[in-house]
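Derivation of every value follows stated rules applied to the coordinates shown; laboratory data play no part. A quick note: this is a predicted structure, and the numbers were derived from the prediction, not measured. All Cβ positions, glycine included, derive from the backbone under ideal geometry; neighbour counts span all protein chains shown.
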Amino acid sequence: MTEPTTGEPAAAASPGGTAPDVTPPDSLVLRTGAFSWLFPRRGSLVAVALGALILVIVALGTFASSTGMSLTETLSGLFGTADPATVMLVQDFRLPRIAVGVLVGAALGIAGCLTQTLAGNRLATPDLIGVNEGATAAVVASVVGSSTGMIGEWWLGPVGAVPAAALVVLCAGGAGHRGHRVLVVGIGVSTVVGAVTDLVMSRQNDNTAGGVFLWTVGSLSGRDWSVGTPLLLILLVLLPFALAAGNRLQLLRFDDDTAAGLGVPVRRIRALALALAVVLSGVAAGIGGPIAFVALAAPVLADRLGGRARVPVLASGLVGGALIAGADALGRVIAPVEIPVGVVTSVLGGPFLLWVLFRPDRGAGRP
């Protein structure tokens with residue numbers, strides 16, 4: 001027997017005694033034996049459109065270059081008919097970098113969606129509540145004393161993000177409906193950790209400081225399948241849990257007692273959502289650096305596209321992937337010298353942040 005969709009009011013029984021229709025207006029019920037599934041029409045169309053947009057951006061990003069490579073040379077390198085140097089540049093450097101950018105953006109978008117919904121505040125994203133600063137500190141600490149300026153391993157990102165997130169949640173008194181408190185504490189932790197990171201960098205030699213600085217503003221330079229493959233596997237493993245957590249987080253729009261009465265293990269869902277967000281944002285920061293504003297913008301845009309009936313976990317990931325892939329391609333063509341992706345997102349993210357702060361529905365409980 002199909003149960004009414006949680007969070008939607010059940011319709012009264014018809015006079016004839018037939019079962020009421022409790023299907024949300026934007027959903028289609030799919031049944032297989034004893035199981036049923038609500039298939040969201042609008043959300044599915046948005047996901048397909050965003051997937052197509054990512055493919056277009058990837059195609060454009062493949063041809064975007066600050067080296068002056070022509071379209072014909074790029075196509076020849078893509079299909080392996082050009083000289084070995086061009087083939088290596090396109091197939092071994094450019095394509096993996098674009099793919100890594102999409103994956104990093106997806107991880108940031110999903111993490112931002114979970115933290116925004118968890119705290120009930122659009123500004124409560126990993127780059128504003130201390131998580132990214134913790135990841136940055138761990139990676140920077142790994143290069144202390146190095147003379148090459150090469151950043152540390154990508155897995156140091158979540159290693160640093162976890163204690164930073166734990167500190168924020170502990171000082172804020174939990175990760176429940178305390179969005180402003182989590183945000184204020186996160187900003188404080190970010191400031192302290194960021195100051196310590198700057199102090200460490202200031203004591204390094206020029207080679208190390210220069211190399212690490214490029215990464216700390218957010219950069220995909222030199223990233224290939226050696227980091228893209230682990231990130232893809234992590235996303236494949238964690239995405240189902242993120243979707244399940246997002247489905248349950250819808251009910252946290254009510255108070256805790258109501259959600260618990262509807263069968264939601266409130267504490268476990270919050271802990272799961274926070275853990276997923278910290279790991280995803282930590283891995284993304286470990287690979288691409290602390291890229292700003294994507295975790296803020298992606299869920300907001302996904303929410304506008306897909307509607308507020310559901311927590312847009314998947315759409316947020318797709319929007320995040322499109323944002324970073326597009327920003328990285330833009331940074332390679334708008335100036336003679338390549339502009340790091342984190343600089344591009346920061347320049348575009350400032351006006352977007354003002355729009356979020358001053359939009360008419362900024363006081364809504366759900367992001």
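The trypsin sites (Lys or Arg not before Pro) of the stretch 200-305 that meet both conditions, a loop assignment by DSSP and at most 12 other Cβ atoms within 10 Å of the site Cβ, are 203. Among 346, 307, 322, which residue has its Cα furthest toward the positive end of the charge dipole of the stretch 277-367, with +1 on Lys/Arg Cβ and -1 on Asp/Glu Cβ? Working it through, the farthest residue towards the positive pole turns out to be 307. One chain, two ends: residue 346 and residue 358. Fully extended at 0.36 nm per residue, the span grows by 2.5 nm beyond their Cα-Cα distance. Close amide-amide hydrogen proximity is noted between residue 29 and 39, each under 5 Å apart and 5 or more residues distant or on a separate chain (H modeled in the peptide plane; Pro and chain starts excluded).
A straight chain from residue 260 to residue 335 at 0.36 nm per residue would run longer than the Cα-Cα distance by 21.6 nm.
Taking 7 Å steps out from each Cα toward its Cβ at residue 198 and residue 81 produces label points 5.4 nm apart.
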